[in-house]
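First the structure, in the form of structure tokens, and then the observations on it.
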Amino acid sequence: MTAKTVESDAGTTRTVEGEAALWCDRCGERAAEGDHAACAAARELEPPRYCPACRRRMKVQVLPAGWSAACVEHGTVRSGY
Amino acid sequence: MPEILDIARAQVLERGTGLDEAGVLAVLRLPDEHVPDALQLAHEVRMRWCGPEVEVEGIVSLKTGGCPEDCHFCSQSGLFTSPVRSVWLDIPSLVEAAKQTAATGATEFCIVAAVRGPDERLMKQMREGVAAIKAEVDIQVAASLGMLSQEQVDELVEMGVHRYNHNLETSRTYFPNVVTTHSWEERWDTLRMVRDSGMEVCCGGILGLGETVEQRAEFAAQLAELDPHEVPLNFLNPRPGTPLGDRPVVEGKDALRAIAAFRLAMPRTILRYAGGREITLGDLGTRDGLLGGINAVIVGNYLTTLGRPASADLELLDDLKMPVKALSATL
Ligand code: SF4
Ligand SMILES: [Zn+2]
Ligand SMILES: [Zn+2]
């Protein structure tokens, strides 16, 4: 759950920090609408489930020391392993 | 001192005979001010009959989501609108997960799949995965793949899987409220086959599914009757989209009562902290449980949710002067 990087399918990486998330990555609702404080708190102990850019459900893999979450359109986000 | 604790001291601590259902219920009903006494006794029982070592384990999901069963607590059932998508782990990632686990000093690595029972694809993945782990990592391999046929039991033994997890989840009388796609008795059948095969039996469940205290005591007694090598104790972490998604989490005090009661029912078992302890007990409660009958932990992340860092648990064990069980002690 430390710094997150995104690997695009081309294999390059860029940070998501600073990019406006359109969708809450936990509940999949609009990030700008409603209160997502509970989502943010829950995310301390959960990987993301929805792509913040397009709201697709991501393919998430959890390993003992980290996780990855892949959107077919927007690439893979990883925790710091 | 409440009478039940005097009885438990003579019977469980001194003679190693676990409490029966009525005894467990009496412990679960102890008033708050006697919970520390129950934990203290459970800790003495654990030290006397198991010793100070703590068994450390890591787990990973080999096949996530899309399960045809309807366990109402589970985010991996394909029957609910859970955000968890179906995905398979490849063999290199499985080996990586085993390495991450071994790096913590853990002796156990459990491979889990969200299935009713294994199909040929899953058994093939297990054959390749277990062989790859055994070639590269010094760790005991356990598995949790749902209900098994006798052939599958035999095959897992042949692969070198030394322990099999299959949770009864809750008491026999409450089970139909939680699962409708298979029965408690079907789970029991798999457990019997596993036991007869010589694999170690790992069987526990989840507290906080809506069961009564009486059903919690019933569950402890049913587990004691099974007499598993290991009992993983989970506390419900309500998952979005599941039928139990809005249930409250178990109160910390009730979780601690249950830990003491389960230890007093099963003095010799490996009683493991599994999922949900972070939200139910937090850091302080985690410590109380380790001083109240728990003698094993899952470190690192769970199957679809995250745990606290393994280092936090290892530091706590160090602080409590509880040595991590060595691999040589498990062989
Ligand atoms: S069988 Fe296992 S994976 Fe499937 S719904 Fe039940 S608990 Fe979840
Ligand atoms: Zn949200
Ligand atoms: Zn996307």
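One table, with the values for the structure above:
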{"read-out": "Filtered residue count, the range A:52-81, keeping only those that are hydrophobic (A, V, I, L, M, F, W, C), within 11 Å of chain B (Cβ to nearest Cβ) and touching a strand residue (DSSP E or B) at 6+ places or on another chain (Cβ under 7 Å)", "value": "7"}
{"read-out": "Candidates B:146, B:129, B:160, filtered to the one that is surrounded by 15 or more Cβ atoms within 10 Å (Cβ to Cβ) and either on the phi > 0 side of the Ramachandran plot or within 16 Å of ligand 2 (Cβ to nearest atom) (or both)", "value": "B:146"}
{"read-out": "Which numbered condition residue B:325 misses (of (1) open to solvent by 20 Å² or more (accessible area, probe 1.4 Å); (2) over 21 Å from residue B:203 (Cα atoms); (3) touching a residue at least 60 places away in the same chain (Cβ under 8 Å))", "value": "(2)"}
{"read-out": "Residue within the range B:70-78 that is away from ligand 1 (no atom under 16 Å from the Cβ) and at pLDDT 95 or above present", "value": "no"}
{"read-out": "Failed condition for residue B:30, given (1) of a type outside the set (Phe, Trp, Tyr); (2) more than 30 Å from residue B:285 (Cα to Cα); (3) over 19 Å from the mean Cα position of the chain (by Cα)", "value": "(2)"}
{"read-out": "The range B:91-110 residues that are at pLDDT 95 or above, paired with ones that are of a type in the set (S, T, N, Q) and open to solvent by 30 Å² or more (accessible area, probe 1.4 Å) (beta carbon under 7 Å, 6 or more apart)", "value": "B:93/A:61"}
{"read-out": "Selection count, the range A:40-51, where residues are within 7 Å of another protein chain (Cβ to nearest Cβ) and more than 10 Å from the chain's Cα centre (by Cα)", "value": "2"}
{"read-out": "Selection count, the range A:50-76, where residues are open to solvent by less than 20 Å² (accessible area, probe 1.4 Å), closer than 19 Å to residue A:39 by Cβ and more than 7 Å from ligand 3 (Cβ to nearest atom)", "value": "5"}
{"read-out": "Test for residue A:26: is it within 11 Å of chain B (Cβ to nearest Cβ) and either out of contact with any Asp or Glu (no Cβ under 6 Å at 6 or more places or on another chain) or closer than 22 Å to residue B:282 by Cβ (or both)", "value": "yes"}
{"read-out": "Members of the range B:64-91 that are away from chain A (no Cβ under 11 Å), outside any loop (DSSP other than H, G, I, E, B) and open to solvent by 20 Å² or more (accessible area, probe 1.4 Å)", "value": "B:91"}
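The values are calculated or read from the model by the stated rules, or taken from the named source; none is laboratory data. Because the structure is a prediction, the values reported are computed rather than measured. FYI the Cβ positions are ideal-geometry reconstructions off the backbone, even for glycines, and counts take in every protein chain you see. To get the accessible areas, we keep the full protein, side chains included, count just its heavy atoms, and leave off ligands, DNA and RNA. Shrake-Rupley method; radii C 1.70, N 1.55, O 1.52, S 1.80 Å.
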